[in-house]
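Just so it is clear, none of the values below were taken in a lab; they were calculated from the coordinates. Bear in mind that the values here come from a model prediction, so they are computed numbers and not experimental data. As a convention, Cβ positions derive from the backbone with ideal geometry for all residues, glycine included, and neighbour counts pool all protein chains shown.
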Amino acid sequence: MQTANTPKTSMYRNPFRPGAGHLPPYLAGRSAEQEEMRKLLSQETITDNAVITGLRGVGKTVLLESLKPIALESGWLWAGTDLSESACISEDAIAMRLLVDTAAAASSVLFEQAQHQKIGYLGDSEVQRFPLSYETLESMYRATPGLVSDKLKHVLEQIWKLLKNTEVRGIVFAYDEAQNLSDHKQEAQYPLSALLEVFQSLQRKGIPFMLLFVGLPTLFPKLVEARTYAERMFHVMTLSRLDEAASREAILRPVEGHPIQFGENSVNTIVTVSGGYPYFLQYICKEVYDLWIAKVTANETPTIPIENIIRKLDSDFFQGRWSQTTDRQKDLLRAVVALDSCDDEFTGMEVSNKSKELPIKPFSPSHVIQMLNTLSDRGLVFRNRFGKYSLAVPLLSNFIRRQYD
Ligand SMILES: Nc1ncnc2c1ncn2[C@@H]1O[C@H](COP(=O)(O)OP(=O)(O)OP(=O)(O)O)[C@@H](O)[C@H]1O
Ligand SMILES: [Mg+2]
């Protein structure tokens, strides 16, 4: 750590922001994804939609936030929301969701438009006072005959008829936590399939409405399971940890001009301990910086208390998840983290074989699969499309190893 001469107390501000969806002081290492998005936005006819996926805390939501101004600057409207508390379990509910989001995104544009131009479909006076309100869209939706997907297609087509006379290039429908979208066979409700079908059909007609789904690694397999053509419909951007250069930027840029600076050793320690995962970078930097501020103002010599920080991270981030697992599940995870490939992907057979080498009661392959599926429901592991498994929480393997060291 280095300090500049006699800083003002007010300059001791901690810029780091650990927390779901909290915009980081500096968004490091995501320019390739932003460039990718610019390319997608330059499509004349939409053939590629986007999926942004990755583990918890890797920075999906804040990347999504950064894409919105890019889309707006290129003339697109931005509709969408966070589906974490999603009530989109029926086809009708997802249709309403889309109409609410579209009305919100399109209202201002059509209001201005209505001043200059007659829009026959909705009636002049109505449009001038309430341009494309949700109520207008909903009544149009209700009045359209057919299946939910027919109704929705019709309303969205009408919206484009209005928009295409404006400067608007198209609409991005951006949904965070989209892994929560599902078809529900038992209730004969297929909201996810309906959504994919509607967009595929609109895009085939040349309507520039683009889907941008953001979610955990279970998301893309889910889309493909719902509609096999989803594989060709989406361009998948998988976010991973930041590389060393980007991690260093995430640490150093936010404190540029600040009186307390990270020294070379501190940066290296933080890069190593965080594994380059954005949430952990923010978390560790925040802890270290808070501590340093306290020490500097007390005229003490600050160091990085990395053991303490790891312990605090364990109790804040991992312990809650760990304490909800049974003893047998803990044994199983212990076998998982004993595999060389545990931070990549592994099979049930590999875990079963490894369990025989450890001081635990061994697991048969079928038992492993059954338990991995339970752990998957709890968000600790996930199964990819090829039937292999991965840990769903970054750096979980290190934490589990620490429990047995
Ligand atoms: N590129 C980045 N550079 C620096 N910090 C980042 C970056 N991306 C994310 N962060 C920080 O990491 C934390 C997690 O980010 P975010 O909430 O976007 O992750 P997420 O992938 O959406 O997580 P979840 O799966 O829980 O929704 C936040 O504190 C954010 O500020
Ligand atoms: Mg998120």
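Remarks
- Rounded if a/c under 1.5, otherwise prolate or oblate - the chain, Cα gyration tensor axes: oblate
- Using the Cβ-Cβ distance between Glu256 and Lys185 with R0 set to 60 Å, the FRET efficiency works out to roughly 0.65.
- Inter-site label distance for Glu157 and Arg204 at 7 Å from Cα along Cβ, in nm: 1.2
- Working from label points 7 Å from Cα in the Cα-to-Cβ sense, the Glu231 to Asp344 distance is 2.3 nm.
- Cα gyration tensor category, rounded, prolate or oblate, for the stretch 31-238 with a/c compared to 1.5: oblate
- Nitroxide proxy distance, nm - points 7 Å out along Cα→Cβ at Asp48 and Asn299: 6.1
- Rounded to the nearest 500, the helix-only mean residue ellipticity at 222 nm of the chain stands at -15500 deg cm²/dmol, with each DSSP H run of n ≥ 4 adding -39,500 (n - 2.57).
- Asn398/Gln34 FRET efficiency (R0 25 Å; Cβ-Cβ; nearest 0.05): 0.25
- A Förster distance of 60 Å, applied to the separation of the beta-carbon atoms of Leu147 and Glu249, puts the FRET efficiency at 0.75.
- Length available on full extension from Asp92 to Ser108: 0.36 nm per residue minus the Cα-Cα distance, which gives 3.2 nm.
- In terms of surrounding Cβ atoms within a 10 Å radius of their Cβ, Ile270, Ile360, Ile304 rank from fewest to most as Ile360, Ile304, Ile270.
- Set of lysines near Lys164 by C-alpha distance (under 23 Å), chain-local residues within fewer than 8 positions excluded: Lys39, Lys68, Lys118, Lys151, Lys153, Lys205
- Prolate/oblate/rounded label for the stretch 325-381 (Cα gyration tensor, a/c 1.5): rounded
- Close amide H partners of Ile171, meaning residues 5 or more places away or on another chain with modelled amide H under 5 Å apart, are Leu77, Phe209, Met210.
- Partners of Lys312 within straight-line reach, counting lysines whose Cα lies under 30 Å from its Cα and excluding those fewer than 8 residues away in the same chain: Lys8, Lys60, Lys286, Lys295, Lys330.
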